Amino acid sequence: MAEASRWHRGGTPKPNLHYSKEVEIRTTLQELALYFIFLINLCILTFGMVNPHMYYLNKVMSSLFLDTSAPGDERTNFKSIRSITDFWKFMEGPLLEGLYWDAWYTNKTLYDLKNSSRIYYENILLGVPRVRQLKVRNNTCKVYSSLQSLMDECYDRYTSKNEDLADFGLQVETEWKYSPPDSTSPWHWGFVGVYRNGGFIFTLSKSKSETKNKFIDLQLNSWITRGTRVIFIDFSLYNANVNLFCIIRLVAEFPATGGIITSWQFYSVKLLRYVSYYDYIIASCEITFCIFLIVFTTQEGQKIREFKSAYFKSVWNWLELLLLVLCFLTVSFNIYCNIQIFLLLGDLLKNTDQYSDFYFLAYWHTYYNNIIAVTIFFAWIKIFKFISFNKTMSQLSSTLSRCIKDIVGFAIMFFIIFFAYAQLGFLVFGSQVDDFSTFQNAIFAQFRIVLGDFNFAGIQQANRILGPIYFITFIFFVFFVLLNMFLAIINDTYSEVKADYSIGRRPDFELGKMIKKSYNNALEKLRLKKPEEDEDKKNEKGGDLVERARREGFDENEIESAKQMKKWKDRLEKKYYSAEIQDDYQPVTQQEFRELFLYAVELEKELHYVSLKLNRVMRKISTLPA
């Protein structure tokens, strides 16, 4: 009886384990529900910041200022500017006509609002546009001694050290005098240089005729010189119909090689945040976001205090910390942008006769949009933490964790070959093909080749011998060999993982089982389904069988042997038997074959033991009197 009670107490850890799983299930479902609420709130917040009219406003303005041709010259627009002559044609033509809309199409006076222009009759020009240039000094580079008789002037590329700070030309107006940069203004990253604020600046007039005369005067007095390296054209618009500001910057870079390279920036931003009822809904979502951030920060702090260094061993915990850092950055950017808008917007709108520098506000507002976009990306990635308990997702994570060493080894070999080809392409084709003009461009061009986007004609024209050799060998080694090796590593590992799952080696803790069990419990409570036997009842039946065996005359050794056989049988069934074994062929690894072989040996021993017991029983029966 004591043996039976001890055996019965030996089964008590199962209910405790069952209870811990129930707690884990309940906790996971609560975290999942809470996180879904947070994610929905974040989606409403982010999508509420983006207005569909932003794209159309940028499209309309870019079409007006970039694609409109100069009068009498259909080939000259801002995108096609290649010389100083083309630049002045654009300034006196498309730019002038695009900025000044003071009459309806019937030549009737349209508006009388402080002589403000309304582009496309809907977009108010805020203040006046500004034009500024940055120059470099002469003799910032050296001319080879043998060529000094042909050229004694040398203007290097733009840097802050090479910048020309001296007044030039007529030296009477601001456009001929240097204006120091503002320390708070962001630098501009162009195609051939990084430019700071300041320079030689002038603002346009509210009168179209005065502005045209200004352009003619600057052209006649050579405002653009050999030392000119960049010219910025900045102005801002506001559309009250959609409550959007459009900050526009047109850039013309004058590289040291000669010619002109044009670029542009169109920022449609919502600086007046809280105007409509929907905006106040977004404000409530922002407050909710801050509350969630405090709750999640508290939870992670408790986990760090509880688990200490073990907390940082989980990839999901690192993702949690990264998401919290991004959320704090998002809140910081939001507060900073709102403070700057509150401090600067009123002053910018008051001075209608001066340039309104909204570029600073648009710059930081764009960074805020970028950081919140990255935040919501990682917020969606965190969903995998909860669905990783699913069988399919568990297979995916197991596959990646098993083959990570092989992938790292493959990646080293891949990038050695990849960068070798990138440097070869840059050195051979860099001076002829735009895709290989820099080493960075060569790297991205090779990724595009792998995806099927390539310019073989340009490569062949740059070098008729090395071009085809480079292309064919790159396609063969990278596309046909290395990429297929990568797929083979993933495929083989996935086959092993799938084989493990097919013979029952799977996580006991699956989200699908959790939901299914909760659903069955609800049906049982509603008496819509017959309750199933739990482990406690099975243990009680096992105890009844032991008592019955004692009453029928079995000794304690036989009972203990039977209990060991039952434990052995349960353990092997739990390890190897699965009701979800598929009928299709599954590959078996050497380790699995070894375990199955040992299982067969143990089964043979048990069958031999059963056979001996049956023979003994038969002998006893034969000795009984007839």
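The values are calculated or read from the model by the stated rules, or taken from the named source; none is laboratory data. It should be emphasised that the depicted structure is a prediction, and the values quoted were computed from it without experimental measurement. Every residue, glycine among them, receives a Cβ derived from its backbone with ideal geometry; neighbour counts consider all protein chains shown. Heavy atoms of the whole protein, side chains included, go into the accessibility calculation; ligands, DNA and RNA do not. Shrake-Rupley method; radii C 1.70, N 1.55, O 1.52, S 1.80 Å.
For region 122-160, give me each residue that is of a type in the set (A, V, I, L, M, F, W, C) and more than 25 Å from THR174 (Cα to Cα). Quick ask: steps written out before the conclusion?
Of all residues in region 122-160, those of a type in the set (A, V, I, L, M, F, W, C) come to 124-126, 128, 131, 134, 136, 141, 143, 147, 150-151, 154.
Matches in region 122-160: ILE124, CYS141, VAL143, LEU147, LEU150, MET151, CYS154.
Just to be sure before I move on: is GLU153 touching a residue at least 12 places away in the same chain (Cβ under 8 Å) and either surrounded by 13 or more Cβ atoms within 10 Å (Cβ to Cβ) or closer than 30 Å to ALA362 by Cβ (or both) in the structure I sent? Steps first, answer last, please.
Details: touching a residue at least 12 places away in the same chain (Cβ under 8 Å): yes; either surrounded by 13 or more Cβ atoms within 10 Å (Cβ to Cβ) or closer than 30 Å to ALA362 by Cβ (or both): no.
So GLU153 does not fit the description; no.
Here are some residues: LEU322, LEU349. Which one is of a type in the set (A, V, I, L, M), in contact with a strand residue (DSSP E or B) (Cβ under 8 Å, 6 or more places away or on another chain) and open to solvent by 40 Å² or more (accessible area, probe 1.4 Å)?
Details: LEU322 fails: in contact with a strand residue (DSSP E or B) (Cβ under 8 Å, 6 or more places away or on another chain).
LEU349 is the lone residue from the list that is of a type in the set (A, V, I, L, M), in contact with a strand residue (DSSP E or B) (Cβ under 8 Å, 6 or more places away or on another chain) and open to solvent by 40 Å² or more (accessible area, probe 1.4 Å).
Out of (1) in contact (Cβ under 8 Å) with a residue 24 or more places away in the chain; (2) more than 24 Å from SER263 (Cα to Cα); (3) of a type outside the set (Phe, Trp, Tyr), what's the single condition that is false for ARG196?
For ARG196, the failing item is (2).
What single numbered condition from (1) free of Cβ contacts under 8 Å to residues at least 12 places away in the same chain; (2) open to solvent by less than 40 Å² (accessible area, probe 1.4 Å) fails to hold for LEU396?
LEU396 satisfies every listed condition except (2).
With the condition kept exactly as written, say whether any residue in region 260-270 is on the phi < 0 side of the Ramachandran plot, part of a loop (DSSP other than H, G, I, E, B) and either out of contact with any His (no Cβ under 9 Å at 6 or more places or on another chain) or surrounded by 16 or more Cβ atoms within 10 Å (Cβ to Cβ) (or both).
First, the residues of region 260-270 that are on the phi < 0 side of the Ramachandran plot: 260-270.
Checking the rest, the ones that are also part of a loop (DSSP other than H, G, I, E, B) come to 260, 270.
Cutting the leftovers down to either out of contact with any His (no Cβ under 9 Å at 6 or more places or on another chain) or surrounded by 16 or more Cβ atoms within 10 Å (Cβ to Cβ) (or both) gives us 260, 270.
Within region 260-270, one or more residues are on the phi < 0 side of the Ramachandran plot, part of a loop (DSSP other than H, G, I, E, B) and either out of contact with any His (no Cβ under 9 Å at 6 or more places or on another chain) or surrounded by 16 or more Cβ atoms within 10 Å (Cβ to Cβ) (or both).
Run down TYR368, TYR421 and say which single residue is in contact with a Phe, Trp or Tyr (Cβ under 8 Å, 6 or more places away or on another chain), at pLDDT below 90 and among the hydroxyl-bearing types (Ser, Thr, Tyr). Break it down into steps so the answer makes sense when it comes.
Working: TYR421 fails: at pLDDT below 90.
Testing whether each residue is in contact with a Phe, Trp or Tyr (Cβ under 8 Å, 6 or more places away or on another chain), at pLDDT below 90 and among the hydroxyl-bearing types (Ser, Thr, Tyr) leaves just TYR368.
Here's the yes/no breakdown for (1) at pLDDT 65 or above; (2) aliphatic (A, V, I, L, M); (3) touching a helix residue (DSSP H, G or I) at 6+ places or on another chain (Cβ under 8 Å); (4) not in a helix (DSSP H, G or I):
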position	(1), (2), (3), (4)
GLU31	yes, no, yes, no
PHE36	yes, no, no, no
CYS43	yes, no, yes, no
MET61	yes, yes, no, no
THR76	yes, no, yes, yes
LYS79	yes, no, yes, no
PHE90	yes, no, yes, no
LEU95	yes, yes, yes, no
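Exactly one of (1) farther than 16 Å from GLN354 by Cβ; (2) surrounded by fewer than 19 Cβ atoms within 10 Å (Cβ to Cβ); (3) in contact (Cβ under 8 Å) with a residue 24 or more places away in the chain; (4) more than 39 Å from the chain's Cα centre (by Cα) is unmet by ASN243. Its number?
(4)
Could you tell me whether PHE254 is open to solvent by less than 70 Å² (accessible area, probe 1.4 Å) and in contact (Cβ under 8 Å) with a residue 40 or more places away in the chain? First the steps, then the outcome.
Values: open to solvent by less than 70 Å² (accessible area, probe 1.4 Å): yes; in contact (Cβ under 8 Å) with a residue 40 or more places away in the chain: no.
It is false that PHE254 is open to solvent by less than 70 Å² (accessible area, probe 1.4 Å) and in contact (Cβ under 8 Å) with a residue 40 or more places away in the chain.
Do we have any residue at all in region 422-443 that's over 30 Å from TRP316 (Cα atoms), open to solvent by 90 Å² or more (accessible area, probe 1.4 Å) and among the aromatic types (Phe, Trp, Tyr)?
There is no residue in region 422-443 that is over 30 Å from TRP316 (Cα atoms), open to solvent by 90 Å² or more (accessible area, probe 1.4 Å) and among the aromatic types (Phe, Trp, Tyr).
Looking for whichever is farther than 21 Å from SER160 by Cα, crowded, with 16+ Cβ neighbours inside 10 Å and either of a type in the set (Ser, Thr, Tyr) or without any contact (Cβ under 8 Å) to a residue 12 or more places away in the chain (or both) here; the options are TYR274, TYR238. Which one fits? Step through it out loud before you land on a result.
Values: TYR274 fails: crowded, with 16+ Cβ neighbours inside 10 Å.
After applying the criteria, what remains is TYR238.
Residues in region 358-380: is at least one open to solvent by 70 Å² or more (accessible area, probe 1.4 Å), aromatic (Phe, Trp, Tyr) and over 30 Å from ILE248 (Cα atoms)? Walk me through it before giving the result.
To start, the set of residues in region 358-380 that are open to solvent by 70 Å² or more (accessible area, probe 1.4 Å) comprises 364, 367, 370, 377, 380.
Restricting the remaining residues to those that are aromatic (Phe, Trp, Tyr) gives 364, 367, 377, 380.
Checking the rest, the ones that are also over 30 Å from ILE248 (Cα atoms) come to 380.
So far as region 358-380 goes, yes, one or more of its residues are open to solvent by 70 Å² or more (accessible area, probe 1.4 Å), aromatic (Phe, Trp, Tyr) and over 30 Å from ILE248 (Cα atoms).
Taking LEU218 as the residue in question, decide whether it is in contact with a strand residue (DSSP E or B) (Cβ under 7 Å, 6 or more places away or on another chain), open to solvent by less than 20 Å² (accessible area, probe 1.4 Å) and of a type in the set (A, V, I, L, M). It would help to see each step written out before you state the result.
Working: in contact with a strand residue (DSSP E or B) (Cβ under 7 Å, 6 or more places away or on another chain): no; open to solvent by less than 20 Å² (accessible area, probe 1.4 Å): yes; of a type in the set (A, V, I, L, M): yes.
Here the answer is no, as LEU218 does not meet what is asked.
So, of the residues in region 64-76 that are among the polar types (S, T, N, Q) and open to solvent by 30 Å² or more (accessible area, probe 1.4 Å), which turns out to be farthest from LEU250 (Cα to Cα)? Working first, answer last.
Pass one, region 64-76, residues among the polar types (S, T, N, Q): 68-69, 76.
Those left that are additionally open to solvent by 30 Å² or more (accessible area, probe 1.4 Å): 68-69.
Values: THR68: 14, SER69: 15 Å.
Here the residue is SER69.
Could you list, in sequence order, all residues of region 156-185 that are β-branched (Val, Ile, Thr), surrounded by fewer than 13 Cβ atoms within 10 Å (Cβ to Cβ) and closer than 23 Å to TYR363 by Cβ?
Within region 156-185, THR184 is the sole residue that qualifies.
For a quick check of your reading of the model, give me the residue pairs whose first member lies in region 60-80 and is under 15 Å from ILE247 (Cα atoms), whose second is open to solvent by 30 Å² or more (accessible area, probe 1.4 Å), with beta-carbon atoms closer than 6 Å and at least 6 apart or on different chains.
Listed pairs, sorted by first residue: MET61/PHE266; SER62/PHE266; LEU66/LYS79.
Against the condition at negative phi and surrounded by 13 or more Cβ atoms within 10 Å (Cβ to Cβ), how does GLU306 come out, does it pass?
Values: at negative phi: yes; surrounded by 13 or more Cβ atoms within 10 Å (Cβ to Cβ): no.
Taking the combined requirement at face value, the residue does not satisfy it.
What are the residues in region 186-226 that are within 24 Å of PHE360 (Cβ to Cβ) and in contact with a helix residue (DSSP H, G or I) (Cβ under 7 Å, 6 or more places away or on another chain), if any?
PRO186, PHE200, ILE201, PHE202, LEU204, SER205
Go through (1) at pLDDT below 90; (2) part of a helix (DSSP H, G or I) one by one and return the number of the condition THR375 breaks.
If we test THR375 against (1) at pLDDT below 90; (2) part of a helix (DSSP H, G or I), just (1) comes out false.
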